[in-house]
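Here's the structure, in structure tokens; my notes come after.
The values are calculated or read from the model by the stated rules, or taken from the named source; none is laboratory data. Since the model is a prediction, treat every value here as computed from it, not as a measurement. We work out accessible area using only protein heavy atoms, side chains counted, and drop any ligands, DNA or RNA first. Shrake-Rupley method; radii C 1.70, N 1.55, O 1.52, S 1.80 Å.
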Amino acid sequence: MMKHLIQFAIILLVGFLGDLFQSSLNIPVPGNIIGMLLLLILLLTGLLKMSMIEDVSNFMLKHLSFFFIPAAVGLISCFSVLEGKWAELMFISVFSTFIIAVVTGTTVQMLMKRRKAGE
């Protein structure tokens, strides 16, 4: 139990640091995105080992759909603001989904090639 709390605290700390960087440097990028980039940098440099956050990360990924509930409720509550902008919203949704699929596929292929080269 303590192991999971420590892993969760590490993830929260990195997210908090991302928010802190965003607010103190006035960067026009959301703090949670900066936190994810910081987490990636920490993992790639080896300052943070995957084993230090793996269990909680897997749990969060397993229940990822739960994290979209606040966003969906926010969209429903702002329904009047979105009125008349559905074409733009659909275009952005489809285009960003396509970009995410391409980037994810490319990243997975690169990682698989790197893993095969290391074996």
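Figures for the structure shown
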read-out: Whole-number accessible area per residue in Å² for the chain, which is evaluated in the context of all protein chains at 1.4 Å; value: 83
read-out: Percent accessible area from carbon and sulfur atoms, the chain, protein chains only, probe 1.4 Å; value: 76
read-out: For the chain, the Rg and Dmax computed from alpha carbons only, in angstrom; value: 17.8, 55
read-out: Principal axis box of region 68-119, alpha-carbon based, largest edge first, Å; value: 55, 23, 7
